[in-house]
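Structure first, commentary second.
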Amino acid sequence: MSRYRRACIKQFFVSLLLVAGLSFSSHGDELSAHKLIEQLSRLQEFSASFTQTIYGSAIEVLQVSDGDIAIVRPLKFRWHLSTPYEQLIVTAGKVLYIYDPDLEQVQLRDTREALSGTPALLLAGDPKEVADLFDILLLDTLPETLENQAEGDVVYSLRPKQQDSLFSDIRFFFHNDMPISIEIRDALGHLTRVDFFDLKLNAGIPEKTFLFEIPNGVDVIGDAKVTAS
């Protein structure tokens with residue numbers, strides 16, 4: 001159960017609902033990439049609460065989680081899951097900490113290696129790198145799953161250029177330049193949707209938000225080069 005739970009929680013980073021009724025092309029285009037990069041570049045600081053819903057291949061709900069997220073570019077990232085199981089994923093730039101309180105365990109990862117090519121890179125990384133990693137398309141039709149559709153709603157489809165990627169499609173939803181949802185479909189057909197609310201953009205996030213002190217008595221797991229740093 002613990003392994004499955006951790007896999008579901010971290011699916012945001014490595015792999016959310018297949019959306020019907022969208023216009024789609026197998027390749028991105030430069031104009032769509034340019035528009036997305038412009039929107040991401042305006043998100044230098046971002047904080048929000050979120051609800052994450054993970055679906056199975058038959059669109060059955062596997063897990064619903066709640067938490068909060070904070071990001072300051074470049075590569076300052078905090079993802080705190082509060083329910084149903086607590087987990088903290090946080091980095092101030094170099095080392096990424098994955099802390100499971102109930103398992104009394106901390107994993108250490110190199111931040112760039114951990115986020116490279118993942119959906120988290122869209123929010124925490126350099127926006128200019130996105131076009132190198134994904135085929136990007138600004139979709140003409142909004143999905144039926146997007147509630148309260150209104151003028152100013154846009155959605156991008158991103159498909160990884162890397163052939164062996166663990167996820168096949170990312171949908172990034174904006175409303176008036178505010179990121180409101182991310183959907184990811186992984187290579188196994190599982191789908192995850194993260195809905196953001198109580199968003200704050202470029203409002204100033206304290207540096208201590210991204211600091212982490214390893215608790216006494218927990219198991220520490222990580223590469224030697226990361227642990228040594």
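Among the residues of the stretch 33-81, those identified as under 18 Å from Gly125 (Cα atoms) and in a strand (DSSP E or B) are Glu45, Phe46, Ser47, Ala48, Ile69, Ala70, Ile71, Val72, Lys76, Phe77, Arg78, Trp79. Only residues that are loosely packed, with under 14 Cβ neighbours inside 10 Å, among the acidic types (Asp, Glu) and touching a Phe, Trp or Tyr at 6+ places or on another chain (Cβ under 8 Å) were counted in the stretch 56-87, giving 1. Selection over the stretch 91-138 of residues that are more than 13 Å from the chain's Cα centre (by Cα) and within 24 Å of Ile37 (Cα to Cα) gives a count of 20. Taken over the stretch 188-210, the criterion of being in contact with a strand residue (DSSP E or B) (Cβ under 8 Å, 6 or more places away or on another chain) and in a loop (DSSP other than H, G, I, E, B) is satisfied by His190, Asn202, Ala203, Gly204, Ile205.
Considered as a group, the residues in the stretch 177-215 that are surrounded by fewer than 19 Cβ atoms within 10 Å (Cβ to Cβ) and of a type in the set (S, T, N, Q) include one that is modelled with the lowest pLDDT, and that residue is Asn202.
Taking first residues from the stretch 104-133 that are among the acidic types (Asp, Glu) and partners that are part of a helix (DSSP H, G or I), the Cβ contacts under 6 Å between residues at least 6 apart in sequence or on separate chains come to Asp110/Val226.
The values are calculated or read from the model by the stated rules, or taken from the named source; none is laboratory data. As the structure is a prediction and not an experimental result, all values here were calculated from the model. Cβ: placed from backbone, ideal geometry, glycine included. Neighbour counts: every protein chain shown.
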